[in-house]
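The values are calculated or read from the model by the stated rules, or taken from the named source; none is laboratory data. This one's a predicted model, so the numbers in the text were calculated from it and none came from an experiment. Glycine also receives a Cβ, built like all others from the backbone with ideal geometry; neighbour counts cover every protein chain displayed. Side chains included, ligands, DNA and RNA excluded: accessible areas come from the protein's heavy atoms. Shrake-Rupley method; radii C 1.70, N 1.55, O 1.52, S 1.80 Å.
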Amino acid sequence: MSFAARLDGAVAAHGPLCVGIDPHPALLAAWGLTDDADGLAAFADRCHAAFAGAVSVVKPQAAFFERHGSAGVAVLERLLAGFAGSGTLTLLDAKRGDIGSTMDGYADAYLRVGAPLAADALTLSPYLGFGSLEPALTAADEAGRGVFVLARTSNPDGAAVQCATTADGVSVAQRMVDDAAARNAGAQPRGAVGVVVGGTHEHGLDLTALNGPVLVPGLGAQGASPADVVSRFAGTAGPVLPVSARGVLQAGPDTVALRDAAHLLAEELASTAAGAH
């Protein structure tokens, strides 16, 4: 199945919520775990038990695994493999972006058939030019994976770059959306190139032609409410995937409590969306 078809199936089964898996030091401590590879592995195992087959997408943040060195990357590799076939898709948040043979290397690591750190999708940074992502886009196509390209992020400093306008008066962020839309044009049920657009502020983007999914970080602890997400992305064609990490993970370490927190937030999103129509 294509990434778009798998994502549609997961969202139909579980709703659009994407749960971030962010094992930062304070959270490990709050769960009574050590800030080392052993604590990380215990954290990952509990997240897998809580969310596999219970939410549509999980988004491990690569940095919190990489900070533990090779042992941490091994935990990440095992976590990604554990979700495979569960009905819950994995979106690895690594924000990779480079040129030429270096981008080829990232594609080999994360996206090609048989990639050791393969997820269903990967976040990419296009700020060396959208064309620099071609090796990753090609590898994702060949392996049936997706990518999510940064467009308008939720951090305030991002506006200085992302809202700058090009010579034709189009913002850099809109240009990234338009380039993604061109890549997705004609794909059925839609393309596999999504964009990342923060939910904590009005984004000012035209997403109607994207023909792909939108990842929306910022739900919960960063300040965006379900109502904000629904209103700011009304009329967007394709799945809108709001992300919550701390808002769900603070319910841990009990796996049932974690799953319940995710389900409660998913239900709030669904009821808010229903009330808006």
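See the values below:
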item: Matching residues, the range 220-277, being within 14 Å of Thr200 (Cα to Cα), polar (S, T, N, Q) and at pLDDT 90 or above; result: Ser231, Ser244
item: Verdict on Thr236 being polar (S, T, N, Q), more than 27 Å from Tyr127 (Cβ to Cβ) and either in contact with a Ser or Thr (Cβ under 9 Å, 6 or more places away or on another chain) or surrounded by 14 or more Cβ atoms within 10 Å (Cβ to Cβ) (or both); result: no
item: Residue count for the range 98-114, restricted to those that are closer than 23 Å to Pro213 by Cα, assigned to a loop (DSSP other than H, G, I, E, B) and not charged (D, E, K, R); result: 2
item: Odd one out for Asp45 among (1) touching a residue at least 40 places away in the same chain (Cβ under 8 Å); (2) not in a loop (DSSP other than H, G, I, E, B); result: (1)
item: Neighbours by Cβ (under 8 Å, 6+ apart or cross-chain): first from the range 183-212, surrounded by 15 or more Cβ atoms within 10 Å (Cβ to Cβ); second part of a loop (DSSP other than H, G, I, E, B) and basic (Lys, Arg); result: Asn184/Arg190; Ala192/Arg145; Asn211/Arg190; Gly212/Arg190
item: Answer residue from the range 38-74, given it is β-branched (Val, Ile, Thr) and either crowded, with 24+ Cβ neighbours inside 10 Å or under 15 Å from Gly20 (Cβ atoms) (or both) and is farthest from the chain's Cα centre (by Cα) among those; result: Val55
item: Total residues in the range 257-269, condition closer than 14 Å to Arg46 by Cα, crowded, with 16+ Cβ neighbours inside 10 Å and not hydrophobic (A, V, I, L, M, F, W, C); result: 1
item: Tally of residues being of a type in the set (Gly, Ala, Ser) and under 23 Å from Ala121 (Cα atoms) across the range 221-233; result: 0
item: Checklist (1) open to solvent by less than 70 Å² (accessible area, probe 1.4 Å); (2) at pLDDT 95 or above; (3) farther than 20 Å from Ala121 by Cα applied to Ala159, failing item; result: (2)
item: Considering residues of the range 244-256 that are touching a residue at least 60 places away in the same chain (Cβ under 8 Å) and assigned to a helix (DSSP H, G or I) only, the residue most open to solvent (accessible area, probe 1.4 Å); result: Arg246
item: Number of the condition not met by Ser154 [criteria: (1) farther than 23 Å from Ala41 by Cα; (2) touching a His at 6+ places or on another chain (Cβ under 8 Å); (3) open to solvent by less than 10 Å² (accessible area, probe 1.4 Å)]; result: (3)
item: Residue pairs meeting the criteria (Cβ under 6 Å; at least 6 apart or on separate chains; first at positive phi, in the range 120-145; second outside any loop (DSSP other than H, G, I, E, B) and buried (at least 18 other Cβ atoms within 10 Å of the Cβ)); result: Gly144/Phe3
item: Members of the range 189-239 found to be touching an Asp or Glu at 6+ places or on another chain (Cβ under 8 Å) and among the polar types (S, T, N, Q), listed by number; result: Thr200
